[in-house]
Amino acid sequence: MRTSESAAPNNPWPAVRFVVNGEARIVSIPPMKRLLDVLREDLQLTGTKEGCGEGECGSCSVRLSGELVNSCLVPVLQADGAVIQTVEGLALNGKLHPLQEAFLQRGGAQCGICTPGMLMAAAHLLDHCPNPDLAQIREGIAGNLCRCTGFIRIFESVAAATSAQSAGSATTLTTEQSHHAR
Amino acid sequence: MRGNAAIHDLVAPGTLGAVLDLLAAEPGAWTPIAGGTEVMVAFAAGRLTAPKLVSLWGIPDLRAIEVAPQSVVIGAATTFLDLRRHALIAADLPLLAKAAGWIGSIANQGRATLGGNLVNGSPAADSSPALLAYDAEIEFISVRGRRRVPYSEFHTAYKRNCLAPDELLYAIHLPRRFARHNQYLRKVGTRRAMAIAKVALGAIALLENGRIREIRLGAASLAPYPMRLMQTEAALLGRSLTDDTIQSARRALLAEVKPIDDIRSTADYRRRVAANLLDEFLLQLRRVEAVP
Amino acid sequence: MSSPAPTRIVGAAVPRKEGVDKLLGRACYIDDMEREGMWHGATVRSGIPRGLIRSIAFDRSIDWSKFAIVTAADIPGDNCIQLIVADQPCLADGKVNHCEEAILLIAHPDKHKLREAVASVRVEYEPLPPVFSIEESERQDAIVWGTDNLIKTFLLEKGDVDSAWANAAHIVEGEFRTGAQEHLYIENQGVIAEYSKESGVTVWGSLQCPFYVFKALRGVFKLPDDKVRVIQTETGGAFGGKEDYPSTLACHAGLLAMKSGHPVKMVYDRMEDLAVTTKRHPSRVRHRTAVSSEGKLLAIQIDLATDGGAYATLSSTVLSRATLHSTGPYVCPNIRVRASSWATNYVPYGAFRGFGAPQAIFAMERHMDEIAAAIGIDPVELRRRNFLHVGDTNGTEQLMRDPVILDHLLDRALKESDYYAKRTKFARENSSNPVKRGMGLAAFYHGSGFTGSGELYLNSLGGVDVTLKGEVRVLVSNTEFGQGTNTILTQIAAEALGVEYSSVTMAPPDTGVVPNSGPTVASRTSMVVGRIIERACLQLLAMLREGAGLGAKFTHGEFIAACERYRAAHGEVVSLCRYEAPPGIVWDDQRYHGEAYGAYAWAVYVAQVAVDTVAYSTEVEDIWAVQEVGRVLHPVLAAGQVEGGIAQAVGYALYEKVVWENGRMANNQMTNYIMPTAEDVPPIHVFFEEIPFRYGGFGAKGIGELPHDGPAPAILNAIRDATGVAFNAIPLLPEDLYAGLAAAQPADEVAAR
Ligand SMILES: Cc1cc2nc3c(=O)[nH]c(=O)nc-3n(C[C@@H](O)[C@@H](O)[C@H](O)COP(=O)(O)OP(=O)(O)OC[C@H]3O[C@@H](n4cnc5c(N)ncnc54)[C@H](O)[C@@H]3O)c2cc1C
Ligand code: FES
Ligand code: FES
């Protein structure tokens, strides 16, 4: 595990330590700074999005020591000592997570802005409930608003990922498969 | 985002004693923040005025559910997800478990605390109707000691309560004696999830020989703060569930509630739906009674 | 149905082009971007709906020397956002016409300094009486726009309406209203602008139409074309909401960049975005219809009015589409539609998925059920008796030449939804149940592409090139914001060129790189632009065959080799084509007569609802959507478009209300503007029928707007079926249902259920 420090030398703020996507980090920042802003501005993890800043949309969802949280509502000091996972930490060893694979195949992402939060909510659901039925999927992502898909394909993607996860089939992510649109 | 983190201080002393000392040293200077789901919303909207905040997150004494033979004691910083995951709450206090599942979404329920919901004191708070129906007691703590008040006396005005500046809400006490009661809780929100209650009614009642021996009705969004419907209860207590009783209870409710027009709904609608919810509960009660 | 020609890539569910980037969280949206030395911008806005600006004062508690400040006086070119009518200032100059109108701009390196600074600018006004409804605008007591408050009018006439009333067995009248709707894209509006003397103004942003923004910047900065550049960044939803507003925001950020000498980022937060950006036009539609004793439509008279808001923006074209869709997919010999868009003192209303058609179709399809009830026939049968068929003409007397399969769509919708059996069952069960169920349907068409001669004026140019690295690129200004532009157009190119999908990419959506292939609106991308790309690809193949000896069959390597031979001999490997109108498109803009659209997509939607009479709430239990959309280029994307559109339309019908308080949006927070969540969307059953359209890209017509047309009338028709009460306005909130179902009864009586 690598530790990186983004604290300025004469920074008056307390140091906050946590592990993000497997990497130990220390930041010295105002303790009330939102975890969302720390991820995006101080750690350059811009995959986590802000859609509302008031806990309503779920675009900023990350996992914080095993719970799903809206990072816009967590002051960074309350994440001291936590283990954090963001969308950037979902794919493992160059492989898309089964959820990412299912979203790709089944149209679970359109404009993509809700997608990082949606994936985190779905991943959290599957950890707690490996074989969710439709009602459980609906509840699991009810805090993640998607204005593009009407959710139907997201339900399907999550359901498909459960079967994929049990079958352990995720395709390898190579640069060829990563289509850069522009 | 309209808040500026640099102008607020936040500390996390880590123990209950340390927090209480802080509050005692400068009463009113420190604002507690538990799950932050109210405080951080105010912060983002640029509405947070508190310069100094003290975190209650991660203090074990505040996040515990203790089960005794006669009662359940819930630490103020217990999250709604904790409540939902607790088998005994689901079994003994189903209305509370149900309400816990209504708070926002999973992400909110993992942070939002029962104590924060009560101290915030929204008239629409989802936990309130259940706690009123269950006759909850609230326990406060400070360096001066502890004290308890009935939850029905906790709220004093819109977003006001009887906490002293150096006190924390410590725990919520709930009796375990409702196995034979008929229970009801319904929230009428803006949508099925992530909804603020336009009206909600929680109720428990015990029938004996066809008469109502015990009844408590707790309502949300019908007054400046969550309210026990005392007059309506009085119209029902000791009565049998005839059409006349139901009709007069309905009248009592309509006379007692004081809903408002706001951007979420109208007073008129709230009143009528509240009365309909009462009907629904009383008809449910009557049906149960009819079953031998 | 005729089956489309076999294809390799078109019609297949290939992975979304930019999908992996989005799923890994590395797609770059505007707020994910930074520029060296970047400042942040904010806007001082009008606090009143209408009035004269008397003075602007800067509070002395702030050290203003640290800020860049821009007023209307700093605008080098015209103080006007160029779109259709030159009426909207970039910054208010002397007067304001709606709350939140931009008056002044400020920028600072530290974004946290901006809020206090904005609050420290005091604007004093002399208020003028505002106009807050179509009715007030019609009365013309206060003239708030032009000389008469009328932004636009249309008159559409067919046959002789006036003499039709006398012979009618029934005359049915109705009035229908629709409300404002907010797009609620999850990514708020945002741009970054840079300015320098040498390269002029450059803007990156979340936007739909790079060349609209380009045109606006050119006017505001008075710069030549080569000094204006607009680059679309990954865009997190748009739905029409990023069609015209980004032009204003780009000009604002550009002006601050010019004044400050720094790149300037302006990204709205949700409250600002909701309060200041455009919404769907509210409408009031009055119908008067003559019907024969057999249920044939004899005459339709429609008076259609929209609220345009404070400035013209796109109100005229939205009104046009509303007019053209107002009589539905029916035959009627005598038609008169009078349409007008009225100015008010709200934030200007703008483009939103469907562009006026959902408003008009709501009225027509709701009205059809009332006609059926009035004359005592089955609403399904009434529609069937009046459907357009091949050889008929519609309201503009456009002859239906291409196949029309409405009867088939209707049969399929009835069968899939088990419509009649359910209606019977619900009618039986409802009386003893506090939850009343019902079924409702809507039949409609939606014209694809720009209206009438619009595509000719646009004169779109698009194509493909092959780079030195052997990348095949699609060159268009059409943008991806979730609907699948990147995927569809690269599919079309790959198919037409005979290369693999993975070897085709999109050129960057940068006005410095791509030609103007028109805006990404009006369901025109697949049909119109797709066709241009298809033709450009065929042209490229011909070029390579003639100019570089490419064989009839080739491998990818041979293709690239031919491109290199071509490059060596002739220079760049690029093929561009212009729009070509299908033959026989004749449109008279004056008389509103002729071929209004090159093609129509057709649909029948059915909704099943449950109305709870305890809480007066409606749950949509199921929606069946049966449509004919030409060739389906990508089954997953197409279904996703329909589902997403339906969810938005369910919101339009039952949840989404913009609450106005003295001209300001009072519920400008996500917690108070209620869109359907994952727990609120009904199961949606999507069915496509495919009849390839000869002049669309690989046979495509438009899909994206269609699903916003049908759900609202189908749902309200179902509520009519469930409750027996006609509701003619949306959004239909529980409070409104209560008013219609129960308010008349005394509150203290136990409701009869
Ligand atoms: C998106 C979203 C959806 C929501 N949906 C619902 C809903 O459906 N129903 C509903 O009822 N609520 C809802 N809420 C509000 C709900 O999350 C809060 O009321 C929550 O319960 C407050 O708890 P908290 O720990 O997060 O409070 P905090 O924000 O930490 O604190 C709230 C207030 O309580 C004080 N406080 C907290 N704990 C104590 C204590 N132990 N002693 C003294 N003072 C204390 C704080 O000083 C503050 O004034 C929602 C909130 C969000 C953001
Ligand atoms: S940005 Fe955090 S929930 Fe919307
Ligand atoms: S994909 Fe656009 S908001 Fe969900």
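The values are calculated or read from the model by the stated rules, or taken from the named source; none is laboratory data. Fair warning: this is a prediction, and the values are worked out from it, not measured in the lab. Cβ sites come from the backbone with ideal geometry, for glycine too, and all protein chains shown count toward neighbours.
Some values worked out for this structure:
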quantity	calculated
Subset of segment B:12-25 [in contact with a strand residue (DSSP E or B) (Cβ under 6 Å, 6 or more places away or on another chain) and in a loop (DSSP other than H, G, I, E, B)]	B:12
Spans of strands (runs of 3 or more DSSP E) in segment B:26-140 with at least 1 residues within 11 Å of chain A (Cβ to nearest Cβ)	B:31-33, B:52-55
Residue C:416 at pLDDT 95 or above, surrounded by fewer than 23 Cβ atoms within 10 Å (Cβ to Cβ) and touching a Gly at 6+ places or on another chain (Cβ under 9 Å)	no
Any hit, segment C:533-549, residues being closer than 20 Å to residue C:696 by Cβ, part of a helix (DSSP H, G or I), at pLDDT 95 or above and among the acidic types (Asp, Glu)	yes
From C:202, C:248, residue being in contact with an Asp or Glu (Cβ under 8 Å, 6 or more places away or on another chain) and not in a loop (DSSP other than H, G, I, E, B)	C:202
Enumeration of residues in segment C:79-97 that are farther than 13 Å from residue C:213 by Cα and either modelled with pLDDT of 95 or more or surrounded by 20 or more Cβ atoms within 10 Å (Cβ to Cβ) (or both)	C:79, C:87, C:88, C:89, C:91, C:92, C:93, C:94, C:95, C:96, C:97
Of all residues in segment C:643-682 being facing chain A (nearest Cβ under 8 Å) and within 29 Å of residue C:12 (Cα to Cα), the one that is nearest to ligand 2 (Cβ to nearest atom)	C:678
Only one of A:107, A:89, A:94, A:143 that is touching a Lys or Arg at 6+ places or on another chain (Cβ under 7 Å) and of a type outside the set (S, T, N, Q)	A:107
Strands (runs of 3 or more DSSP E) wholly inside segment C:427-476 containing at least 1 residues that are of a type in the set (Lys, Arg) and more than 30 Å from the chain's Cα centre (by Cα)	C:435-448
Residue that is nearest to the other protein chains (Cβ to nearest Cβ) [pool: residues in segment C:477-499 that are closer than 16 Å to residue C:540 by Cβ and in a loop (DSSP other than H, G, I, E, B)]	C:499
Hits in segment C:576-590 - residues which are without any contact (Cβ under 8 Å) to a residue 12 or more places away in the chain and out of contact with any strand residue (DSSP E or B) (no Cβ under 6 Å at 6 or more places or on another chain)	C:583, C:590
Search result, residues across segment C:507-520 that are surrounded by fewer than 24 Cβ atoms within 10 Å (Cβ to Cβ) and under 25 Å from residue C:600 (Cα atoms)	C:516, C:519
Hits in segment C:16-33 (condition: assigned to a loop (DSSP other than H, G, I, E, B) and in contact (Cβ under 8 Å) with a residue 24 or more places away in the chain)	C:16, C:17, C:18, C:27, C:28, C:33
Residue identified as modelled with pLDDT of 95 or more, more than 16 Å from ligand 2 (Cβ to nearest atom) and within 26 Å of residue C:30 (Cβ to Cβ) among A:27, A:69	A:27
Sole residue being more than 13 Å from the chain's Cα centre (by Cα) and within 16 Å of ligand 1 (Cβ to nearest atom), chosen from A:94, A:143	A:143
Odd one out for residue C:17, checked against (1) surrounded by fewer than 20 Cβ atoms within 10 Å (Cβ to Cβ); (2) over 15 Å from residue C:101 (Cβ atoms); (3) modelled with pLDDT of 95 or more	(1)
Qualifying residue in segment C:42-56 (condition: modelled with pLDDT of 95 or more, within 14 Å of chain A (Cβ to nearest Cβ) and part of a loop (DSSP other than H, G, I, E, B))	no
Criterion (under 25 Å from residue A:18 (Cα atoms), surrounded by fewer than 21 Cβ atoms within 10 Å (Cβ to Cβ) and touching a residue at least 40 places away in the same chain (Cβ under 8 Å)) met by exactly one of A:82, A:91, A:123	A:91
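To keep it simple, each residue is scored yes or no on (1) surrounded by fewer than 24 Cβ atoms within 10 Å (Cβ to Cβ); (2) of a type in the set (Val, Ile, Thr); (3) not assigned by TED's automatic domain parsing to the domain that holds residue C:647.
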residue	(1), (2), (3)
C:213	no, yes, yes
C:222	yes, no, yes
C:228	no, yes, yes
C:239	no, no, yes
